[in-house]
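Enquirer: Shown below is the structure under consideration.
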Amino acid sequence: MRSAQTQTVTQEKVKPQVKVSPHSTQSKALEKASKDYEAVIGIETHVQLNTLTKAFCSCPYNYGSPPNTSVCPICMGLPGALPVLNLKVIESAVKVGLALNCKLSLNSKFDRKQYFYPDLPKGYQISQFDVPIATSGYIDLDLPLEFGGGHRKFGITRVHMEEDAGKLLHSEGGSYSQESSIRFSMVDLNRAGVPLLEIVSEPDMRNGIEAAEYAAELQRLVRYLGVSNGNMQEGSLRCDVNISVRPIGQLQFGTKVEIKNLNSFSSVSRAIDYEISRQVLLHSQGQDKEIVQETRLWEEGAQKTVTMRKKEGLADYRYFPEPDLPGVFLTTDYVDGIRNSLPELPETKRRRYEKMGLSMQDVLFLATDMNVAEFFDTTITKGADVKLATNWIMGDIAAYMKNEKLTINEIKLTPQELAELIASIKDGTISGKIGKEILFELLAKGGTVKGLIEAKDLVQVVDPAEIEKWVEKVLSENPKQLEQYRGGKTKLQGYFAGQVMKLSKGKANPGLLNKILLEKLNAKS
């Protein structure tokens, strides 16, 4: 985080407002007080890289493996074991730095961050301190329409490489002796040494929604880049939020509080809104000195933050250069090679979709999941109409995936066949109703549009004489409704059209059907 003297807030134009937590019993007082304060929010995000081996040894890491089954002398911190840097970690860091529009450090180094915790076997963490691999970047995102919409640009202070610690497994109870039964913790070192990127934002966010969307955009980014699966529930993407509150117009920051234990984007938003309310209330009651620099935990069940520990300062970590690892030296050719290999990123994709004439709602839906975006793009390259392809994907296909709990990669429908289906409806080969029937068959069982049309004899009837016979049959079988229509109840046209479609088994051309039907309905008896 930058100091108050060097802060440059990238948020513009829109005056930020503090959101009052609905859980507070003093909501009216808070609502009044909140108009006089603004929140200043920054996020430290740890992204676990999906390299085949750990950062400094050859141990693999697989989430959910039995405890202490992916360990070696290096990641256990045994005396005499020396680290060897995994070059894929550097490649991933450069990819993320470039994607976040950062300035890359061609010469950087590793440092030792000293602290004691039971899951840190060496007594220090290999990290980067004063010369991180990337600095001074930014990320663009679009807020969902349900949250007011709008474009945001948040600064990125730095991106640095480091290793993860192990994990403590807490037991509810266990007997160490016959006389006592006490609670204890066990250490699993499978995760120790797993490569991480820490991405530190500028303090540019002003409410929980902005912070949650920033975190979600980072998740999209690392997934698009292929450097991490970004699964919060597995700990592959972890967010620590820093919040302070200050009177609107004041440049100096308030006292910063860190919040941990945030395992979903919604918990990020709710925890921030609660903490803002807590700090605003203390300010409004003249008790702002009770806001101390500390780390707090978000309790999901109680929907509140609680004190965990007093926050350490930088001096406590006693950083110094890592003596067992050489410096990291990048060439411009190496960086340019990675730059040229980057895929189209979420922000670029959203802008391209906008230029195609899609609404922001469509844009956000398609670009959020890179597999959905790839399916859409491939469908378009096969000649499908942009808006029709969007409607099919966002409508019936999305509903089917939700009901069946499938991803777009797991359905049987291919982009080629979706394009073929859209073309068949557009050129009148089949009706929209028949198209839906074919779609669900393709989603569940696969196959081809042409094959299903031929096998089930689904070609749309465009012979006026044939359609006229169906219309005359329906009218002759419904004399009462015909009389009512000619008496002024013209809405019955839909009823007659439905009966003709039923008789034709959905094969009558809708345009031709309505034309002939109107002529017959309005003919003099």
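The values are calculated or read from the model by the stated rules, or taken from the named source; none is laboratory data. None of these values were measured; they are calculated from a predicted model. Using ideal geometry, Cβ is built from the backbone for each residue, glycine included, and neighbour counts are taken over all protein chains shown. Ligands, DNA and RNA are excluded from the accessible area calculation, which covers all protein heavy atoms including side chains. Shrake-Rupley method; radii C 1.70, N 1.55, O 1.52, S 1.80 Å.
Enquirer: Among the residues of segment 325-340, what is the count of those that are surrounded by fewer than 17 Cβ atoms within 10 Å (Cβ to Cβ), touching a residue at least 40 places away in the same chain (Cβ under 8 Å) and within 25 Å of the chain's Cα centre (by Cα)?
Expert: 1
Enquirer: Please enumerate the residues belonging to segment 302-324 that are of a type outside the set (A, V, I, L, M), open to solvent by less than 80 Å² (accessible area, probe 1.4 Å) and in a loop (DSSP other than H, G, I, E, B).
Expert: Those that are of a type outside the set (A, V, I, L, M), open to solvent by less than 80 Å² (accessible area, probe 1.4 Å) and in a loop (DSSP other than H, G, I, E, B): 303, 311, 312, 313, 319, 322, 324.
Enquirer: Still on this model: Among (1) over 35 Å from the mean Cα position of the chain (by Cα); (2) closer than 30 Å to residue 375 by Cβ; (3) at pLDDT 85 or above, which single condition is residue 467 missing?
Expert: With (1) over 35 Å from the mean Cα position of the chain (by Cα); (2) closer than 30 Å to residue 375 by Cβ; (3) at pLDDT 85 or above applied to residue 467, the lone miss is (2).
Enquirer: Only one of 193, 254, 226 is modelled with pLDDT of 95 or more and either in contact with a helix residue (DSSP H, G or I) (Cβ under 7 Å, 6 or more places away or on another chain) or open to solvent by less than 40 Å² (accessible area, probe 1.4 Å) (or both); which? Before you say what the answer is, go through the steps one by one.
Expert: On the way: 254 fails: modelled with pLDDT of 95 or more; 226 fails: either in contact with a helix residue (DSSP H, G or I) (Cβ under 7 Å, 6 or more places away or on another chain) or open to solvent by less than 40 Å² (accessible area, probe 1.4 Å) (or both).
None of the others qualify; the one that does is 193.
Enquirer: What residue, of 137, 166, is under 27 Å from the mean Cα position of the chain (by Cα), buried (at least 19 other Cβ atoms within 10 Å of the Cβ) and more than 30 Å from residue 345 (Cβ to Cβ)? Step through it out loud before you land on a result.
Expert: Details: 137 fails: more than 30 Å from residue 345 (Cβ to Cβ).
Just a single option satisfies the conditions, and that option is 166.
Enquirer: How many residues does segment 452-463 hold that are surrounded by fewer than 13 Cβ atoms within 10 Å (Cβ to Cβ) and outside any loop (DSSP other than H, G, I, E, B)?
Expert: Residues of segment 452-463 that are surrounded by fewer than 13 Cβ atoms within 10 Å (Cβ to Cβ), as a first pass: 454-455, 457, 463.
Going one step further and asking which of them are outside any loop (DSSP other than H, G, I, E, B), we end up with 454-455.
Residues that pass the stated criteria total 2.
Enquirer: Tell me, which helices (runs of 4 or more DSSP H) lie completely within segment 354-431 with 2 or more residues that are modelled with pLDDT of 95 or more, in contact with a Lys or Arg (Cβ under 6 Å, 6 or more places away or on another chain) and within 29 Å of residue 509 (Cβ to Cβ)?
Expert: Values: elements: 360-368, 370-381, 386-392, 398-404, 415-426.
Qualifying helices (runs of 4 or more DSSP H): 415-426.
So that you can scan it fast, the table gives a plain yes or no per residue for (1) hydroxyl-bearing (Ser, Thr, Tyr); (2) open to solvent by less than 10 Å² (accessible area, probe 1.4 Å); (3) in contact (Cβ under 8 Å) with a residue 40 or more places away in the chain:
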{"site": "360", "(1), (2), (3)": "no, no, yes"}
{"site": "378", "(1), (2), (3)": "yes, no, no"}
{"site": "388", "(1), (2), (3)": "no, no, no"}
{"site": "446", "(1), (2), (3)": "no, no, no"}
{"site": "449", "(1), (2), (3)": "no, yes, no"}
{"site": "468", "(1), (2), (3)": "no, no, yes"}
{"site": "475", "(1), (2), (3)": "no, no, yes"}
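Enquirer: Which residue out of 117, 63 is farther than 20 Å from residue 327 by Cα and either in contact with a helix residue (DSSP H, G or I) (Cβ under 8 Å, 6 or more places away or on another chain) or modelled with pLDDT of 95 or more (or both)? Walk me through it before giving the result.
Expert: Details: 117 fails: either in contact with a helix residue (DSSP H, G or I) (Cβ under 8 Å, 6 or more places away or on another chain) or modelled with pLDDT of 95 or more (or both).
Residue meeting the stated conditions: 63.
Enquirer: Still on this structure: Within segment 119-134, is even one residue more than 28 Å from residue 318 (Cβ to Cβ) and either open to solvent by 20 Å² or more (accessible area, probe 1.4 Å) or part of a loop (DSSP other than H, G, I, E, B) (or both)? Step through it out loud before you land on a result.
Expert: The initial filter retains those residues of segment 119-134 that are more than 28 Å from residue 318 (Cβ to Cβ), namely none.
Looking through segment 119-134, none of the residues is more than 28 Å from residue 318 (Cβ to Cβ) and either open to solvent by 20 Å² or more (accessible area, probe 1.4 Å) or part of a loop (DSSP other than H, G, I, E, B) (or both).
Residues are listed down the side, and each one gets a yes or a no for (1) closer than 29 Å to residue 255 by Cβ; (2) among the acidic types (Asp, Glu):
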| position | (1), (2) |
| --- | --- |
| 137 | yes, no |
| 143 | yes, no |
| 147 | yes, no |
| 154 | yes, no |
| 198 | yes, yes |
| 221 | no, no |
| 232 | yes, no |
| 239 | yes, no |
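Enquirer: Can you run down the residue pairs with Cβ atoms below 9 Å, 6 or more apart or on separate chains, where the first is in segment 106-124 and under 19 Å from residue 186 (Cβ atoms) and the partner is aliphatic (A, V, I, L, M) and not in a loop (DSSP other than H, G, I, E, B)?
Expert: 117/168; 118/168; 118/187; 119/168; 119/187; 121/187
Enquirer: Filter segment 86-116 down to the residues that are open to solvent by 20 Å² or more (accessible area, probe 1.4 Å) and assigned to a strand (DSSP E or B), then identify the one that is farthest from residue 194 (Cα to Cα).
Expert: 103
Enquirer: While we're on this one: Enumerate the pairs (first residue in segment 30-59 and polar (S, T, N, Q) and at pLDDT below 95; second residue anywhere and part of a strand (DSSP E or B) and open to solvent by 30 Å² or more (accessible area, probe 1.4 Å)) with beta-carbon separation below 7 Å, excluding pairs fewer than 6 apart on the same chain, so at least 6 apart or on different chains.
Expert: none
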